[in-house]
Every structure is written in C-alpha cells, then in structure tokens.
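First the structure, in the form of structure tokens, and then the observations on it.
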Amino acid sequence: MPEYPIIPIPKPRMSNRDKWLKPPRPAVKRYWDFCLQCKLEKVILPCYGAHVTFILPMPESWSKKKREEMDGKPHMQRPDWDNLGKAISDAIYQDDSGIYDIHVTKIWGREGKIIISLQR
C-alpha cells in the first residue's frame, strides 16, 4: 500500500489564460507544484480497482484536544473529493479518460499524504 508524502490539492478551475499567465495565479501554482510532486514521487494510479485515501492536514489553529478528536475522522468540507480525484488523475495521466473505477476517501490527519491501495 504505497503512501506518498504529498499534501492533497484540489484541481482549480482553469482557463486558457492560465497556460501563459506570469506569474500564475496562486491556486494554479499550487496545483502545478502538486503535479510536479506526483511525478517526482512516481505516484502510480491504476485505471481500476484502486482506493485513494486523501489525508488532509488539520489546521494549526486547532487545539491539541480537537486534533486528537478529529485525527482519522471523515473530512466533510471543501475541497470536494471529486476535485482531489481530478487533480491526481490529471497529474499522473496525459489522458485520464481510461480511468473507470476509483474509490476516493478523504479524512483528517496530522500530516497531509496520499495512500493508494488496490481493492480486491
């Protein structure tokens, strides 16, 4: 079960302007950095049968008690799971239209990371 030390980033809404805009918008810059990290970490995402768990880091402003309470609990706010899934599939595949069966979960964690496991 590969774990990648990459903080999950949602895919931003982009236009053609984002291809040439210098400097890029902050959301686009974060996304491109995420794509580069995925390539450097050699993230592998199968076209089917994978369970992708996005562990989103808890805000530093949370108390120690709240951090302990929320660690591993479902992340039920933005970013949406589909934007996280789009980000990783677009970062890995030139053409991600072949992906047809991926299960996505997002939870709170002390550190951001991505876990990809195969379902049987």
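For Glu69, only one of the following conditions fails: (1) within 25 Å of Asp101 (Cβ to Cβ); (2) part of a helix (DSSP H, G or I); (3) open to solvent by 50 Å² or more (accessible area, probe 1.4 Å); (4) not polar (S, T, N, Q). What is its number?
It fails just one condition, (1).
Could you give me the residue pairs with C-beta distances under 8 Å whose first residue belongs to segment 88-101 and is farther than 16 Å from Cys38 by Cα, whose second residue is in a loop (DSSP other than H, G, I, E, B) and hydroxyl-bearing (Ser, Thr, Tyr) wherever it lies, and which are 6+ apart or on separate chains?
Within 8 Å, the pairs are Ile99/Tyr93.
Within the set of pairs 6 or more residues apart or between chains, which connect a residue that is touching a residue at least 24 places away in the same chain (Cβ under 8 Å) inside segment 19-37 to a residue that is assigned to a helix (DSSP H, G or I) with Cβ atoms less than 6 Å apart?
Cβ pairs passing all conditions: Cys35/Ala91.
Quick test of your reading of the structure: Lys39 fulfils all but one of (1) part of a loop (DSSP other than H, G, I, E, B); (2) charged (D, E, K, R); (3) open to solvent by 90 Å² or more (accessible area, probe 1.4 Å). Name the failing condition by number.
(1)
Here are Pro23, Pro10, Pro59: which of them is surrounded by 15 or more Cβ atoms within 10 Å (Cβ to Cβ) and part of a loop (DSSP other than H, G, I, E, B)?
Going through Pro23, Pro10, Pro59 in turn, just one is surrounded by 15 or more Cβ atoms within 10 Å (Cβ to Cβ) and part of a loop (DSSP other than H, G, I, E, B): Pro10.
The values are calculated or read from the model by the stated rules, or taken from the named source; none is laboratory data. Quantities reported herein were computed from a predicted structural model and do not represent experimental measurements. Neighbour counts run over all protein chains shown; Cβ positions are idealised from the backbone, glycine included. With ligands, DNA and RNA removed, areas are computed over all heavy atoms of the protein, side chains included. Shrake-Rupley method; radii C 1.70, N 1.55, O 1.52, S 1.80 Å.
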